[in-house]
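Every read-out reported here was derived from the displayed coordinates using simple, explicitly stated rules and does not represent laboratory data. This one's a predicted model, so the numbers in the text were calculated from it and none came from an experiment.
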Amino acid sequence: MQKKKLTETDSAELKMKALFDKRNEHNAQAMAFREQRNLLNAEKGKKIDEMVELRNVRADNVRLMRQHRDLRNEYQAKARAILDAKKKRKGAMHVDLPGELEAKKANVRKLDLRQQTQAMSIADENELIDEIKGEMKEIHRLEKIKAQQDAEKGELRRYSDDITELFSMADEEHKFVVEFANKANEAHEKITAMMEEVTNMIREANKNHAAFVAAKEKADEFHQKGLEMREKVMASKREKYDEQRAARQDIVDQNKSVRAALLDKEKLDKAADDAFQQLLKKGKVAF
């Protein structure tokens, strides 16, 4: 069977359909790229919200860490100040005072025994008594110093207790410093990882957006060509329609002419018949 030959209009319609099919194909690609871009942007938005929450957590932990760090440093500074004061006061003490005092007392006892057991001149005895008085005076001075030092030792023991308590308090604050610092660092590490994820999402979203724009431009290009081809098809169809309408009009006009001619012939035939009838009736024939 002989294949039907395509008309110019048929070829134009096929080209138009192919152009619109291409348009639809690129539009479908553009929609896919747009959907992927929107999904990435939505996921990016969620990640950014999580990052904001984590930044708040990090900020809170940093604030608490600094508060406890300041308290720790304050307690340590007070403890060191008391420790320095203790060292200075302890350094000013007469370390050998008890031994020296005991030596003085032993010497007084020795001199007193000498006075009581040895015969001596009045001058020697007076000299010995003056020596005993001098030693006793020194003993009283040293005992007074010892009493002061004993009181200071009690105060230094209180210093030690204060230092121990302050360093213990500083240690407790340091535990909080470490705890909140670790929490802040944990949040910071999560933020850093999320920032990398968000950066990758932005990169991929931009790629999909560029692909979307390119596919949309291609679809618009094929759409415009399709419209131009559609105009050609419509023009060809209008031309063909006009030709067909003109042909139909020709047929109508021809039918009218034939009908008019037939009507005229019928009138002539009728007139002839009428005349023939009048002739038969011997009437006057008028043509």
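Applying a threshold of 19 Å to the alpha-carbon distances of K5/K237; K87/K144; K110/K144 flags K87/K144; K110/K144 as lying beyond it.
Normalising the average separation of contacting C-alpha pairs (under 8 angstrom, six or more residues apart) by the number of residues puts the relative contact order of the stretch 32-213 at 59 percent.
Take the Cα pairs of the stretch 32-213, get the Kirkwood Rh, then feed it into Stokes-Einstein at 10 °C and 1.306 mPa s and tell me D in µm²/s. Let's see the in-between values first.
Details: Rh = 23.9 Å.
In µm²/s, the coefficient rounds to 66.
Summed over all non-identical Cα pairs, the Kirkwood treatment of the stretch 117-209 gives a radius of 21.4 Å. Look at where the Cα atoms of the stretch 160-216 and of the stretch 12-48 average out, and the two centres are 38 Å apart. For the residue pairs K78/K175; K218/K240; K78/K104; K78/K190; K22/K44, the C-alpha atoms sit more than 29 angstrom apart in K218/K240; K78/K104; K78/K190; K22/K44.
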